[in-house]
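Notes follow once the structure below has been shown.
The values are calculated or read from the model by the stated rules, or taken from the named source; none is laboratory data. Quick caveat, the model's predicted, so the values are computed rather than measured. We place every Cβ from the backbone using ideal geometry, glycine too, and count neighbours over all the protein chains shown. Note: accessible area is taken over every heavy atom of the protein model, side chains too, but ligands, DNA and RNA are not part of it. Shrake-Rupley method; radii C 1.70, N 1.55, O 1.52, S 1.80 Å.
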Amino acid sequence: MRRIRVYGEEVLRRDTSEVKNIDEKIVKLIKSMKDTMRKRQGLGLAAPQSGVSKRIFIALGKNDKIITFINPETLSSSDKDDIDMEGCLSFPEIFFSIQRAKKIAIKAYNEKGKEFIIEADGLLARCFQHEMDHLNGKLIIDYATDEEKKYWQERLTKLTKSF
Ligand code: NI
């Protein structure tokens with residue numbers, strides 16, 4: 001299991017690079033990410049949260065199956081926006097209301113290097129957009145209003161002093 005990096009840690013803001021070769025190191029990383037996500041009961045986890053600046057994320061799909069996304073690309077997203085509360089394993093017990101597209105289609109590669117396209121809506125679509133943000137160094141707090149940030153100030157400060 002890997003320690004999940006939290007808000008304030010620089011790796012969460014770094015640019016990520018494409019996976020050129022799905023070697024043993026990448027396979028091991030993905031396995032440990034899955035173990036970590038299961039243990040922490042998350043819906044998704046991106047490689048930067050495990051301290052690795054690569055374009056990889058995992059998400060809990062239908063039937064409790066974890067889907068792996070390597071070098072994901074957004075093919076399309078609906079413009080019909082939806083606002084909902086959103087959390088993140090890098091922001092334990094902190095939530096922000098975020099507007100996301102209702103539907104999204106993503107193209108990616110799985111652990112075996114096979115290309116696939118997945119379409120999602122609702123919570124899963126929200127999760128995919130959240131994880132894509134992580135790969136671009138974007139975090140849920142970037143969507144927050146000053147009021148929301150003020151509301152969570154104490155927890156946020158505590159978090160940035162926790163590592
Ligand atoms: Ni997150």
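Specify which of the listed residues (SER78, SER53) is open to solvent by less than 40 Å² (accessible area, probe 1.4 Å) and away from the ligand (no atom under 16 Å from the Cβ). Even if it seems obvious, please write down each step before you answer.
Details: SER53 fails: away from the ligand (no atom under 16 Å from the Cβ).
Just one listed residue meets the conditions, SER78.
Restricting attention to region 90-108, which residues are open to solvent by 30 Å² or more (accessible area, probe 1.4 Å) and either within 16 Å of the ligand (Cβ to nearest atom) or of a type in the set (S, T, N, Q) (or both)? Before you say what the answer is, go through the steps one by one.
So in region 90-108, the residues open to solvent by 30 Å² or more (accessible area, probe 1.4 Å) come out as 92-93, 95, 97, 99, 102-103, 107.
Within region 90-108, PRO92, GLU93, PHE95, SER97, GLN99 qualify.
Among strands (runs of 3 or more DSSP E) lying entirely in region 39-87, which contain 1 or more residues that are of a type in the set (Asp, Glu) and under 29 Å from ASP23 (Cβ atoms)? Give the steps one after another, and end with the answer.
Numbers: elements: 44-46, 56-60, 66-77, 81-86.
Of the strands (runs of 3 or more DSSP E) lying wholly inside region 39-87, those with at least 1 residues that are of a type in the set (Asp, Glu) and under 29 Å from ASP23 (Cβ atoms) span 66-77.
Can you tell me which residues in region 1-36 are open to solvent by less than 50 Å² (accessible area, probe 1.4 Å), hydroxyl-bearing (Ser, Thr, Tyr) and outside any loop (DSSP other than H, G, I, E, B)?
Answer for region 1-36, where residues must be open to solvent by less than 50 Å² (accessible area, probe 1.4 Å), hydroxyl-bearing (Ser, Thr, Tyr) and outside any loop (DSSP other than H, G, I, E, B): SER32, THR36.
If I ask for residues that are of a type in the set (Gly, Ala, Ser) and on the phi < 0 side of the Ramachandran plot, which ones from region 97-149 would you list? Explain how you work it out, then say what you get.
Going residue by residue through region 97-149, those that are of a type in the set (Gly, Ala, Ser) are 97, 101, 105, 108, 113, 120, 122, 125, 137, 144.
Once the filter is applied, which keeps residues that are of a type in the set (Gly, Ala, Ser) and on the phi < 0 side of the Ramachandran plot, region 97-149 yields SER97, ALA101, ALA105, ALA108, ALA120, ALA125, ALA144.
Can you name the number of the only condition in (1) part of a loop (DSSP other than H, G, I, E, B); (2) within 16 Å of the ligand (Cβ to nearest atom); (3) over 15 Å from the mean Cα position of the chain (by Cα) that LYS112 fails?
If we test LYS112 against (1) part of a loop (DSSP other than H, G, I, E, B); (2) within 16 Å of the ligand (Cβ to nearest atom); (3) over 15 Å from the mean Cα position of the chain (by Cα), just (2) comes out false.
Which residue out of GLU73, GLU119, GLU111, GLU10 is closer than 21 Å to LEU139 by Cα and touching a residue at least 12 places away in the same chain (Cβ under 8 Å)? Write out each step before concluding.
Values: GLU119 fails: closer than 21 Å to LEU139 by Cα; GLU111 fails: closer than 21 Å to LEU139 by Cα; GLU10 fails: touching a residue at least 12 places away in the same chain (Cβ under 8 Å).
One residue alone meets the criteria, GLU73.
For residues that are farther than 27 Å from LYS150 by Cα and in contact with a strand residue (DSSP E or B) (Cβ under 6 Å, 6 or more places away or on another chain), tally how many sit in region 79-119.
14
Out of the residues in region 117-163 that are modelled with pLDDT of 95 or more and among the basic types (Lys, Arg), which is surrounded by the most Cβ atoms within 10 Å (Cβ to Cβ)?
ARG126
Filter region 56-74 for residues that are open to solvent by 40 Å² or more (accessible area, probe 1.4 Å) and under 23 Å from ARG13 (Cβ atoms) and give the result.
GLU73, THR74
Of all residues in region 115-143 being of a type in the set (A, V, I, L, M) and out of contact with any helix residue (DSSP H, G or I) (no Cβ under 9 Å at 6 or more places or on another chain), which is farthest from the ligand (Cβ to nearest atom)?
ILE117
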